[in-house]
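See structure below.
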Amino acid sequence: MSAENSLSLNQVREIVRTGTFDKPKATPIDGRTFDKLKVTILDVRTAEEFKGGRIGNAINVPVLELEQALALSPAQFEKKYGFNLPKHDSKTEALLVHCLSGRRTSTAIGFLSGRGYKDNLYAYFGGWAEYNTPTTN
């Protein structure tokens, strides 16, 4: 996964606020424009950890289930987990993966990359530990 597909706390907070992410893209004329992507936040912590708090409207698929979950048909996946994963080649939807502090995120990114996710796959390595830390103003 490239560094540009790793998001910061501020970017994640904006995704939670708006449900979208402005993905930079190169253009031949001016260098950068943006694609607005609808983002699904995938929390790969355990179900018990997830019950203790989550980032925005995150959906939980524990990393220990993820490889098997990805082998399900889209209909089976939706029935079991209650949502549809964005398609790996979607140009309008993205998947943001996080865990507590990054380790399980890396594992999940490996599984998803193996299923063809690349340009619409993002990681938040700061995870719940960073997101849930109170900020001082």
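Can you pull the percent of the chain's accessible area that's carbon plus sulfur, 1.4 Å probe, other chains left in place?
Carbon and sulfur: 51 percent of the exposed surface of the chain.
Summing +1 for each Lys or Arg and -1 for each Asp or Glu, what net charge is found among the other residues whose Cβ lies under 12 Å from the Cβ of SER101?
Here the charged neighbours net out to +1.
Count the net charge of all other residues whose Cβ sits under 14 Å from the Cβ of SER90, scoring Lys and Arg as +1 and Asp and Glu as -1.
+3
Solvent-accessible area of SER101, probe 1.4 Å, all protein chains present, reported in Å² to the nearest ten, please.
In the full protein context, SER101 sits at about 80 Å².
Full extension from GLU65 to ALA47: what is 0.36 nm times the residue separation minus their Cα-Cα distance, to one decimal in nm?
Going from the current span to full extension adds 5.4 nm.
So which residue, out of PRO74, PRO62, PRO86, gets the largest mean-square fluctuation from a GNM of the chain using Cα contacts under 10 Å as springs?
PRO74
Can you tell me the relative contact order of the chain? Whole percent, Cα pairs under 8 Å, sequence separation 6 or more.
Over the chain, the number comes to 26 percent.
Cα gyration tensor of the chain, axes a ≥ b ≥ c as square roots of the eigenvalues: rounded (a/c below 1.5), prolate (a/b > b/c) or oblate?
oblate
Between rounded, prolate and oblate, where does segment 35-99 land on the alpha carbon gyration tensor, with a ≥ b ≥ c its root eigenvalues, rounded for a/c under 1.5, else prolate if a/b exceeds b/c?
oblate
Any chance you could look up the accessible area of ASP35 with a 1.4 Å probe, heavy atoms only, rounded to 10 Å²?
50 Å²
So with the 1.4 Å probe, I'd like the accessible area per residue for segment 27-120, rounded to whole Å².
Normalised by residue count, the accessible surface of segment 27-120 is 59 Å².
Please name which of LEU70, ILE55, PHE83 has its Cα lying farthest along the dipole of the chain towards the positive end, using unit charges on Cβ (Lys, Arg +1; Asp, Glu -1) and the Cα centre as origin.
My answer, from the dipole projection, is PHE83.
The values are calculated or read from the model by the stated rules, or taken from the named source; none is laboratory data. Everything numeric here is computed off the predicted structure, so don't read it as measured data. A quick note on method: Cβ atoms are made from the backbone with ideal geometry, for glycine too, and the neighbour counts reach across all protein chains shown. Accessible surface is based on the protein model in full, side chains and every heavy atom, while ligands, DNA and RNA are left aside. Shrake-Rupley method; radii C 1.70, N 1.55, O 1.52, S 1.80 Å.
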